[in-house]
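The values are calculated or read from the model by the stated rules, or taken from the named source; none is laboratory data. Keep in mind that what you see is a predicted model, and the values were worked out from it rather than measured. Cβ coordinates were reconstructed from backbone atoms using ideal geometry, including for glycine residues, and neighbour counts include every protein chain displayed.
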Amino acid sequence: MDTNQFNDLINQFSDLLSQPEPTPQLDLQDSDLTSTDWNTCLLVKVVIDRRIGKQALHISLIKSWKDYPLLSLQKFNRYSYVARFNSIEDRDAVYNQSPWHFNHDPLALIKLNGPPTVDLLKQLPVVLWVQFHGIPSRALTFQGVWKMAKLVGTPVPVHPDTARLWSVFARLKVQLNAANPLKDKIKITLPDNQPVTVFLYHEKAGKVCLYCGLMGHEIYECMDRNKYMALIQSYPAELHQILMQKLDPKFGPWIY
Ligand SMILES: [Zn+2]
């Protein structure tokens, strides 16, 4: 090819040559956690003090949330996952229909509006049905029990006619923070100055430690109690019996 032919060829393809070559951007992330509409996502943690296998959780959530298809479940950290839905409406419907469980353990659900952070997990909002026992019948009103529920957590709004279903005890859905110990009872004073202790029963709370009151483990698995038990061994043997009394359950077994 001589110089002229070469120039002709260049002119002929000049248009093509001037086109910038496409440079596809490669997504090097392991998941779609970087490019998500966060408003369609929930941060999910099973309230249990051990790791949960992603596959088992994914299968369980697909079944539980069959009316609101789960688009993906991505691992966020060792203990929590990001669940992504088709729409904000689907995400909110799942959230509003709490409580949800994995096996027998409740789920803490956090609505995301941006990328998840570890700080978000300092609060673990869990909705449970709470029964209120020991309320005198004259105080078993919707308004009265609503105020008691506010001493326990954030009651989930419900029609006041619900109170008609109550007889021996009252029952409301309450959002609790599973990062704090559950309460096993509340003390109130009625308008006629009568003091009353109301005992709380948390339905389907999973494991609850009767020593520290936290959900997610039982008393024999309690880190605080086991640490204290180890400490006792460093004291003289004659003190053991007195010190061991501190290891007795502090919460009533009616809690769950
Ligand atoms: Zn404990």
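Summary of computed values
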{"quantity": "Test: residue in the range 211-222 that is in contact with a strand residue (DSSP E or B) (Cβ under 9 Å, 6 or more places away or on another chain) and free of Cβ contacts under 8 Å to residues at least 24 places away in the same chain", "calculated": "yes"}
{"quantity": "Scan of the range 43-72 for residues that are touching a strand residue (DSSP E or B) at 6+ places or on another chain (Cβ under 9 Å) and within 13 Å of Trp100 (Cα to Cα), ordered by number", "calculated": "Val44, Lys45, Val46, Val47, Leu57, Ser60, Leu61, Ile62, Ser64, Trp65"}
{"quantity": "Val168 being at pLDDT 95 or above and of a type in the set (Val, Ile, Thr)", "calculated": "no"}
{"quantity": "Qualifying positions in the range 147-168 - surrounded by fewer than 17 Cβ atoms within 10 Å (Cβ to Cβ) and touching a residue at least 24 places away in the same chain (Cβ under 8 Å)", "calculated": "Leu151, Val156, Val168"}
{"quantity": "Any hit, the range 110-118, residues being part of a strand (DSSP E or B) and surrounded by 13 or more Cβ atoms within 10 Å (Cβ to Cβ)", "calculated": "yes"}
{"quantity": "Test for Glu203: is it more than 16 Å from the ligand (Cβ to nearest atom) and modelled with pLDDT under 90", "calculated": "no"}
{"quantity": "Residues located in the range 77-93, provided they are crowded, with 20+ Cβ neighbours inside 10 Å and either at pLDDT below 95 or more than 22 Å from Met215 (Cα to Cα) (or both)", "calculated": "Ala83, Arg84, Phe85, Arg91"}
{"quantity": "Members of the range 206-253 that are within 10 Å of the ligand (Cβ to nearest atom) and among the small types (Gly, Ala, Ser)", "calculated": "Gly213, Gly216"}
{"quantity": "Residue list for the range 223-256, restricted to those being of a type in the set (A, V, I, L, M, F, W, C) and touching a Lys or Arg at 6+ places or on another chain (Cβ under 9 Å)", "calculated": "Ile232, Leu247, Phe251, Trp254, Ile255"}
{"quantity": "Candidates His133, His101, filtered to the one that is surrounded by 14 or more Cβ atoms within 10 Å (Cβ to Cβ), under 30 Å from Pro191 (Cβ atoms) and in contact (Cβ under 8 Å) with a residue 40 or more places away in the chain", "calculated": "His133"}
{"quantity": "Residue in the range 109-126 that is β-branched (Val, Ile, Thr), in contact (Cβ under 8 Å) with a residue 24 or more places away in the chain and in contact with a helix residue (DSSP H, G or I) (Cβ under 6 Å, 6 or more places away or on another chain) present", "calculated": "yes"}
{"quantity": "Any hit, the range 203-222, residues being surrounded by 14 or more Cβ atoms within 10 Å (Cβ to Cβ), more than 30 Å from Leu140 (Cα to Cα) and over 22 Å from the mean Cα position of the chain (by Cα)", "calculated": "no"}
{"quantity": "Single unsatisfied condition, Gln143 versus (1) under 30 Å from Asp161 (Cα atoms); (2) buried (at least 18 other Cβ atoms within 10 Å of the Cβ); (3) modelled with pLDDT under 95", "calculated": "(2)"}
